[in-house]
Amino acid sequence: GKQVSTGLSATRAEVIDALHSHGIYTLEVQGTKVKKYYPESHLRMMSDIDIIIPPEKLSAAFSVMEKLGYETVFAHNDTEVQASKGSIFVELHSEFFPEYRNVSKALSDPFGRALLHDDFSAEVTDTDFYLFHLLHTIKHADEFMGVGIRRIIDLYYLEEAMKGRADFEYIDRTLKENGFIKTKEKLIAVKNHWFCGGEATPKIRRFEKEILSSGNRGSDGV
């Protein structure tokens, strides 16, 4: 696990540096950024590299990827590109979630929400960061993609880290307005049962079996 993580981190740095050198802003909200909330970063495994870039830069960004030796695996409506080189997969997105996902309306316009830095990196608030991870896990749960054990562990470490930092009232209000609060409560009940000594109803135990059956990463491995 440690060697794979180190290899992906090196690859990520190469890709990020190349994009920045071409004046392309990058925003990261997944694996690399989640790692820092774990007791040791290598404990949070990564399967690919996800980077959000401005939509008008997608074509230029993929030209950069081609120069690095990547080939297109999947492209959707000029909004996202998946590229590979050997066993390494890099996903370039122009939104937090593709428009065809049920959670896309609850969190959108990443570069309208992000703080932009002079080095072409960008970051979102702790509130949006935690909201993204809740929505990403809800997406997996509601669309029958397989939540994956790793996502529940992420929620545990992120919730602990975000206490006193993220606006939990805003997050719950957003989830309620978009019809996701019940799924969120199910996920948090699992997290509390596994890691915080909470009780589990028969319904939650059935949900836990679904999560365990989907393995570490869930069915699509992201």
LEU131: assigned to a helix (DSSP H, G or I) and either at pLDDT below 95 or out of contact with any Lys or Arg (no Cβ under 9 Å at 6 or more places or on another chain) (or both), yes or no?
yes
With at pLDDT below 95 and either surrounded by fewer than 19 Cβ atoms within 10 Å (Cβ to Cβ) or within 30 Å of HIS20 (Cβ to Cβ) (or both) as the only criterion, which of PHE168, PHE144 stands out?
PHE144
What number of residues within the stretch 123-155 are of a type in the set (A, V, I, L, M, F, W, C) and out of contact with any Leu (no Cβ under 9 Å at 6 or more places or on another chain)?
2
Return the residues of the stretch 48-89 that are within 22 Å of VAL124 (Cβ to Cβ), among the β-branched types (Val, Ile, Thr) and without any contact (Cβ under 8 Å) to a residue 24 or more places away in the chain; say none if nothing qualifies.
VAL81
Among residues of the stretch 198-213 being of a type outside the set (Asp, Glu) and open to solvent by less than 70 Å² (accessible area, probe 1.4 Å), the residue farthest from ARG101 (Cα to Cα) is GLY198
Quick check on the stretch 113-125. Is at least one of its residues among the hydrophobic types (A, V, I, L, M, F, W, C), at pLDDT 95 or above and assigned to a helix (DSSP H, G or I)?
no
Note on MET162: of the conditions (1) over 26 Å from PRO110 (Cα atoms); (2) without any contact (Cβ under 8 Å) to a residue 40 or more places away in the chain, unmet is (1)
Segments classed as helices (runs of 4 or more DSSP H), wholly inside the stretch 1-112, with at least 3 members that are open to solvent by 20 Å² or more (accessible area, probe 1.4 Å) and within 23 Å of TYR157 (Cβ to Cβ)
2-21
From the options LEU158, LEU187, residue that is farther than 19 Å from VAL29 by Cα, crowded, with 18+ Cβ neighbours inside 10 Å and modelled with pLDDT of 95 or more
LEU187
Among the candidates ASN216, ASN192, ASN178, residue that is of a type in the set (S, T, N, Q) and under 18 Å from ASP142 (Cβ atoms)
ASN178
Residues in the stretch 171-217 that are more than 29 Å from LYS105 (Cα to Cα), of a type in the set (D, E, K, R) and touching a helix residue (DSSP H, G or I) at 6+ places or on another chain (Cβ under 9 Å): how many?
2
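The values are calculated or read from the model by the stated rules, or taken from the named source; none is laboratory data. Quick caveat, the model's predicted, so the values are computed rather than measured. Here Cβ is always computed from backbone atoms with ideal geometry, including for glycine, and neighbour counts include all displayed protein chains. All accessible areas refer to the heavy atoms of the entire protein, side chains included, with ligands and DNA or RNA removed. Shrake-Rupley method; radii C 1.70, N 1.55, O 1.52, S 1.80 Å.
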